[in-house]
Amino acid sequence: MTMVSAHTFTVFLIVMAILAVVVFISLYFVDAGYGKFYRASWGPSLDNHWGWFLMEVPVFIAMLVLWWLSDRRDDLVRLVFLLLFESHYFHRSFIFPQQLRGHSRMPWTIVLMGALFNTLNALMQGGWIFFISPDNYYPANWLTSLPFLAGTVLFFAGMYINIQSDSIIRHLRKPGDTAHYLPKGGMFRYVTSANYFGEFLEWVGFAILTWSWAGAVFALWTFANLAPRAARIYDLYSREFPDELDIHKVKRIIPFIY
């Protein structure tokens with residue numbers, strides 16, 4: 001398969017990095033209208049179970065397609081990268097939506113924007129791993145290298161924190177309860193958006209274990225997308241639970257820092 005040149009791919013990454021900065025700034029002024037901040041003004045919507053599935057599954061499929069079209073299908077290191085990446089998106093596409101309680105709404109606008117970004121991200125990660133990276137960039141002993149081992153530890157730590165935090169949020173209410181509660185336990189002891197911290201940590205780990213600019217741009221996008229939302233959630237909890245939230249100890253998304 002003929003892919004774009006390394007130069008064109010680099011320009012693609014630069015454009016994506018610039019867009020991440022734009023999104024980061026914009027989201028401090030406009031709340032993405034899903035979850036706690038759903039607004040009917042975002043237009044037509046669908047059940048959030050379907051919304052999450054349709055938003056996340058494109059990247060899962062696109063990465064598999066890129067792997068299959070590559071002549072590096074049998075490369076062990078790159079196959080390990082694929083399995084790590086797909087483990088996250090298998091959960092987000094097929095397991096997480098089914099675990100959601102209730103049937104809130106998600107705007108089609110959010111679903112389509114998320115699906116578009118996820119497809120572009122597949123082109124970033126899959127393009128680098130399976131097509132752009134030099135043939136000898138990932139020798140077999142890469143799997144015992146410090147970047148791979150350290151990044152993999154961070155990746156799985158982030159995945160654990162993300163899944164644990166989502167579970168804590170899901171179980172805040174008993175069936176029929178509509179009250180609001182402050183999430184506690186796990187990394188919620190340190191940040192009000194522990195699930196976002198876990199996801200950010202995952203992709204920092206992936207950037208390190210692949211030692212790639214593509215991975216770094218994705219980690220940047222993750223922070224740009226989640227940090228403003230985490231700040232809004234922090235403000236919301238500060239107003240709703242002034243006696244429960246220790247603002248001197250608990251941060252927004254990065255423990256002890258922000």
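We did not get these values from a lab; they are worked out from the coordinates using the rules stated. Keep in mind that what you see is a predicted model, and the values were worked out from it rather than measured. In this analysis, Cβ positions are derived from the backbone assuming ideal geometry, glycine residues included, and neighbour counts consider all displayed protein chains.
Details
- Taking every DSSP helix (H) stretch of at least 4 residues in the chain, weighting each as -39,500 (n - 2.57) and dividing the sum by the residue count yields a mean residue ellipticity at 222 nm of -20000 deg cm²/dmol.
- Shape class of the range 114-188 from the alpha-carbon gyration tensor: oblate, with a/c at 1.5 or above and b/c at least as large as a/b.
- The distance between label points at PHE156 and ARG170 comes to 2.2 nm (points 7 Å beyond Cα on the Cα→Cβ vector).
- Convex hull per residue volume in Å³, alpha carbons only, for the chain: 130
- Lys/Arg +1, Asp/Glu -1 at C-beta; the chain dipole; positive extreme among ILE132, PRO183, PHE12: PRO183
- Charges were assigned to the Cβ only: +1 to each Lys and Arg, -1 to each Asp and Glu. The resulting dipole of the range 207-258 about its Cα centre is roughly 200 debye.
- Degrees separating the helix 108-127 axis from the principal Cα axis of the chain, which is the longest one: 30
- Estimated dipole of the range 39-136 in Debye, rounded to 20 [Cβ of Lys and Arg +1, of Asp and Glu -1, Cα centre]: 420
- Per-q log10 I(q)/I(0), the range 134-258, q = 0.12, 0.17, 0.18, 0.22 Å⁻¹ (Debye; single scatterer per alpha-carbon; no solvent): -0.52, -0.86, -0.93, -1.22
- Most to least packed among 111-124, 146-159 [average Cβ atoms within 10 Å]: 111-124, 146-159
- Burial order of peptide ranges 182-195, 13-26 (average beta-carbon count within 10 Å, highest first): 182-195, 13-26
- Burial ordering of GLU86, GLU202, GLU56, GLU244, fewest other beta-carbon atoms within 10 Å first: GLU244, GLU86, GLU56, GLU202
- Proximal lysines to LYS249, defined as alpha-carbon separation beneath 25 angstrom and excluding residues fewer than eight positions away on the same chain: LYS36, LYS184
- Likely footprinting exposure, PHE131, PHE241, fewest C-beta neighbours within 10 Å first: PHE241, PHE131
- Global geometry of the range 1-75, whether rounded, prolate or oblate, following the gyration tensor of its Cα atoms and the 1.5 cut on a/c: oblate
- Lys, Arg +1 and Asp, Glu -1 on Cβ, resulting dipole of the chain about Cα centre, debye, nearest 20: 580
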